[in-house]
Amino acid sequence: MLKINDLHVSVENTAILKGVNLEVKAGEVHAIMGLNGAGKSTLANTIAGRDDYTVTSGTVDFFGKNIFDLEPHERVGEGLFLGFQYPVEIPGVSNLNFLRTALNSIRKYRGQDDMSAADFMKLIRAKADQLGMAPDMLKRFVNVGFSGGEKKRNEMVQMAVLDPKFAILDETDSGLDIDALKTVAAGINAQRRDDTAILLITHYQRLLNYVQPDVVHVMIGGKIVKSGGKELAAELEEKGYAEVA
Amino acid sequence: MAATAETRQQVEDMSGEYKYGFVTDVEMDMAPKGLSEEVVRFISAKKNEPEWLLEWRLKAYKSWLKMDEPDWAKVNYPKIDYNDMYFFAAPKSMDKPKSLDEVDPELLRTYEKLGSPLREQAVLAGVEGAPRVAVDAVFDSVSVATTFREELKKSGVIFMSFSEAVHEHPELIKKYLGSVVPQRDNYFAALNCAVFSDGTFVYIPKGVRCPMELSTYFRINAENTGQFERTLIIADEGAYVSYLEGCTAPMRDENQLHAAVVELIMLDDAEIKYSTVQNWYPGDKEGKGGIYNFVTKRALCKGKNSKVSWTQVETGSAVTWKYPSCILSGDNSVGEFYSVAVTNNYQQADTGTKMIHMGKNTRSRIISKGISAGKSQNTYRGLVKVLPGADNVRNYTQCDSLLVSSESGAHTVPYIEVKNPTAQIEHEATTSKISEDQLFYCRARGFGEEEAVAMIVNGFCRDVMQHLPMEFAVEAQKLLGISLEGSVG
Ligand SMILES: Nc1ncnc2c1ncn2[C@@H]1O[C@H](COP(=O)(O)OP(=O)(O)OP(=O)(O)O)[C@@H](O)[C@H]1O
Ligand SMILES: [Mg+2]
């Protein structure tokens with residue numbers, strides 16, 4: 001599904017990613033852990049196609065395509081989703097309008113007709129309900145005045161509605177209370193299927209108690225320095241990065 | 001002519017966004033080129049006008065000759081040669097007033113293409129309870145059709161072309177024409193008084209709430225022709241009307257002048273809601289061609305407790321010079337101005353409002369959203385004036401500018417003159433660059449680049465857009481997206 005080969009990325013002429021290798025197959029859940037500033041979000045943003053990140057060498061193959069040949073929205077059309085570490089506020093644009101436009105853009109990319117307003121309302125209400133989001137949050141402006149936890153939950157609602165094949169969730173578990181964490185974990189597990197894959201970026205073992213990863217990677221200094229099973233996360237939590245990696 | 005067609009094709013190939021840029025092929029009746037007393041007489045004669053109106057025009061013409069073109073606005077354009085354009089153009093078939101059935105089918109098709117169906121049946125055939133809008137269509141210098149007239153008549157509403165009103169309701173025209181915008185108010189207003197061609201007249205009688213939205217659809221078609229329309233709307237005591245004007249023009253290499261005058265009068269407890277969606281041809285990507293939109297719009301809240309609300313979405317024109325204003329003369333009267341001005345490529349807009357507080361307890365509210373893209377310049381210019389006798393005035397002004405490109409400019413020029421210490425005036429202004437974070441967030445949800453900009457801009461304009469009548473809000477939203485096409489990258 002996604003294959004990263006010796007990826008080097010710099011931001012404003014500073015090298016951040018220094019040779020990342022990673023392969024995620026359909027049906028798998030991977031977790032990336034690592035110190036602050038290790039380059040985890042940089043990796044996520046590069047895959048999603050953010051402008052300021054310059055790929056100096058390496059390749060990313062997404063469903064057999066060179067991902068860098070695709071515009072950001074085309075990547076989404078191909079099935080990519082990025083759950084943001086810091087979801088952005090868009091004043092004046094309702095959550096509903098935003099998500100409906102997003103969904104229909106993706107459908108258009110795939111040559112499908114727009115979803116009718118009625119079907120869309122049914123879909124989004126069901127997803128919001130599953131993820132414990134109050135219906136009037138849907139009418140509010142995108143993330144404006146949302147609490148930290150509400151923003152993360154909103155990312156999950158978006159993921160559920162857009163139903164991506166490959167989702168990168170950048171610290172979606174940070175800042176959640178324990179109940180929200182369980183709901184979000186349930187949302188991730190619902191998205192976990194034979195034909196989908198998920199890349200979790202997290203600092204905490206506690207999410208991995210609810211979402212069992214197939215592979216855990218440790219990123220330090222712009223490289224994946226160690227990979228292992230889910231026990232690696234527990235080991236990290238116990239001993240810290242210095243000793244494990 | 002071949003060159004024109006070629007350039008037009010190029011513009012379409014490159015941008016393809018100005019979908020109203022087609023030309024209607026009808027035979028035209030033109031005034032001799034240029035401006036002179038003869039031309040003024042020609043126009044008046046064409047319209048069979050009474051002597052008093054001809055005199056009125058000639059007086060304006062003489063004043064205009066002595067006036068200078070204003071140069072204080074933050075806009076640049078080559079000097080206009082008033083002798084190198086036509087001041088009157090009418091489709092030949094429009095010599096006599098006609099019923100809709102007799103209107104040249106070519107013209108009807110034009111308005112259909114523009115999305116403004118003149119056939120009442122077409123509207124009536126729609127879904128039960130669908131909004132109905134009465135339309136006056138002005139094609140170059142004449143009004144070609146006014147719909148729903150009979151039905152409006154039943155409620156006493158007068159809605160007709162200005163030329164007809166001159167004959168049918170001379171007493172109202174004589175009383176109110178030029179009563180809000182005097183002939184010598186400014187250079188372009190004086191010019192309009194001399195050569196105005198057609199426009200819309202509306203009178204809502206005492207206590208009547210107009211049963212439908214009224215609208216005028218202005219279309220410039222002929223080449224090298226100026227459009228000088230006049231709109232006069234009178235809301236008698238306790239009356240209410242919501243009025244909308246829409247404008248488009250074909251794509252032409254030459255600049256075309258549009259100098260309109262709009263006068264609104266509200267008596268006691270009356271209210272007028274006036275909305276504009278202005279989409280004149282803005283010129284091409286290199287700034288060639290486009291409409292000069294030099295317009296004087298003013299509302300007089302003459303009666304107590306009267307209210308006027310201007311809402312404008314300005315996306316077109318090469319140069320816009322426009323300040324819909326409110327004279328709040330009646331006690332407790334209210335003036336509102338909600339504006340979205342989008343400029344792209346080489347467009348220049350200098351627009352805003354004047355709130356003149358004369359009566360006691362008068363209130364005004366100004367919300368202006370300027371969006372600048374490409375290499376355009378976008379200026380908000382506004383005046384809030386409180387006269388000595390106006391006690392307890394309140395004004396709130398908010399001006400927000402959004403820069404979509406780094407080569408564009410946003411400017412805010414607020415003038416405040418307060419001569420009464422009880423006034424409470426609030427002014428807020430912000431300028432921001434469209435946020436990369438917002439753009440990327442939208443793009444990471446599947447939005448194309450232009451779609452992302454359109455979404456963010458629509459959000460930015462929401463406080464204004466929500467004041468548009470429902471029927472037009474959706475269209476205006478799309479228009480914002482269209483006018484920003486090609487603005488990113
Ligand atoms: N736009 C940018 N401009 C300058 N430096 C940047 C930019 N984006 C990232 N960096 C730098 O790149 C490095 C990696 O940042 P990144 O956000 O990828 O870390 P992270 O692993 O996600 O950290 P955290 O766990 O704190 O979220 C940091 O030193 C950061 O300051
Ligand atoms: Mg991060």
Return a yes/no flag: does the range A:116-125 have any residue that is open to solvent by less than 30 Å² (accessible area, probe 1.4 Å), β-branched (Val, Ile, Thr) and within 8 Å of another protein chain (Cβ to nearest Cβ). no
Options A:Gln112, A:Gln85; residue that is under 25 Å from A:Ile201 (Cβ atoms) and more than 11 Å from chain B (Cβ to nearest Cβ): A:Gln85
The strands (runs of 3 or more DSSP E) lying entirely within the range B:277-361 that contain at least 2 residues which are touching a helix residue (DSSP H, G or I) at 6+ places or on another chain (Cβ under 9 Å) are B:290-301, B:307-314, B:334-343
Go through the range B:317-353 and give me each residue that's modelled with pLDDT of 95 or more, open to solvent by 10 Å² or more (accessible area, probe 1.4 Å) and polar (S, T, N, Q). B:Ser329, B:Asn332
Test B:Pro421 against the stated conditions and say whether it is without any contact (Cβ under 8 Å) to a residue 12 or more places away in the chain and of a type outside the set (S, T, N, Q). yes
Long-range neighbours under 8 Å by Cβ, at least six apart or interchain, first residue more than 12 Å from every other protein chain (Cβ to nearest Cβ) within the range A:32-52, second within 6 Å of ligand 1 (Cβ to nearest atom) and assigned to a helix (DSSP H, G or I): A:Ile32/A:Lys40; A:Gly34/A:Lys40
Take the residues in the range A:39-52 that are of a type in the set (D, E, K, R) and surrounded by 15 or more Cβ atoms within 10 Å (Cβ to Cβ); name whichever of them is nearest to ligand 2 (Cβ to nearest atom). A:Lys40
Go through the range B:193-214 and count every residue that is out of contact with any helix residue (DSSP H, G or I) (no Cβ under 8 Å at 6 or more places or on another chain) and either open to solvent by 10 Å² or more (accessible area, probe 1.4 Å) or in a helix (DSSP H, G or I) (or both). 5
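Quick grid of which residues meet (1) over 28 Å from A:Phe120 (Cα atoms); (2) within 16 Å of ligand 1 (Cβ to nearest atom):
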residue	(1), (2)
A:Ala160	no, no
A:Ile178	yes, no
A:Ala186	no, no
A:Gln212	yes, no
A:Val216	yes, yes
Scanning the range A:203-245 residue by residue, those closer than 16 Å to A:Glu28 by Cα, of a type outside the set (A, V, I, L, M, F, W, C) and open to solvent by less than 60 Å² (accessible area, probe 1.4 Å) turn out to be A:Pro213, A:His217, A:Gly228, A:Gly229
Filter the range A:159-203 for residues that are more than 16 Å from ligand 2 (Cβ to nearest atom), touching a residue at least 60 places away in the same chain (Cβ under 8 Å) and over 19 Å from A:Val215 (Cα atoms) and give the result. A:Met159, A:Val161, A:Leu162, A:Pro164
Would you mind stating whether B:Val180 is crowded, with 21+ Cβ neighbours inside 10 Å and either over 22 Å from the mean Cα position of the chain (by Cα) or not small (Gly, Ala, Ser) (or both)? yes
Lone unmet requirement of (1) within 16 Å of ligand 2 (Cβ to nearest atom); (2) crowded, with 19+ Cβ neighbours inside 10 Å; (3) more than 9 Å from chain B (Cβ to nearest Cβ) for A:Leu2: (1)
Can you give me the number of residues within the range A:53-91 that are closer than 14 Å to B:Arg445 by Cβ and open to solvent by less than 30 Å² (accessible area, probe 1.4 Å)? 13
Which of the residues that make up the range A:16-38 are open to solvent by 30 Å² or more (accessible area, probe 1.4 Å), part of a strand (DSSP E or B) and away from ligand 1 (no atom under 15 Å from the Cβ)? A:Asn21, A:Glu23
Considering only residues that are at pLDDT 85 or above, assigned to a loop (DSSP other than H, G, I, E, B) and in contact with a Ser or Thr (Cβ under 6 Å, 6 or more places away or on another chain), which ones fall in the range B:226-257? B:Phe228
Report whether or not A:Lys151 is within 14 Å of another protein chain (Cβ to nearest Cβ) and within 19 Å of the chain's Cα centre (by Cα). yes
Leading residue by the ranking (least open to solvent (accessible area, probe 1.4 Å)) among those in the range B:466-489 that are farther than 30 Å from A:Leu82 by Cβ and within 13 Å of chain A (Cβ to nearest Cβ): B:Ala473
Only unsatisfied item for A:Asn13, checking (1) within 13 Å of ligand 1 (Cβ to nearest atom); (2) surrounded by 14 or more Cβ atoms within 10 Å (Cβ to Cβ); (3) more than 18 Å from the chain's Cα centre (by Cα), is (2)
Which one of these does A:His8 not meet: (1) within 16 Å of ligand 2 (Cβ to nearest atom); (2) open to solvent by 50 Å² or more (accessible area, probe 1.4 Å)? (1)
How about the range A:39-154: which strands (runs of 3 or more DSSP E) wholly inside it have at least 2 residues that are within 16 Å of ligand 1 (Cβ to nearest atom) and among the aliphatic types (A, V, I, L, M)? A:53-62
Given (1) within 14 Å of chain B (Cβ to nearest Cβ); (2) at pLDDT 95 or above; (3) open to solvent by 10 Å² or more (accessible area, probe 1.4 Å), where does A:Arg192 come up short, assuming only one miss? (1)
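The values are calculated or read from the model by the stated rules, or taken from the named source; none is laboratory data. Note that the coordinates shown come from a computational prediction; the quantities given were computed from them, not determined experimentally. Note that each Cβ is placed from the backbone with ideal geometry, even for glycine, and that neighbours are counted across all protein chains shown. What goes into the accessible areas is simple: the full protein's heavy atoms, side chains included, and nothing from ligands, DNA or RNA. Shrake-Rupley method; radii C 1.70, N 1.55, O 1.52, S 1.80 Å.
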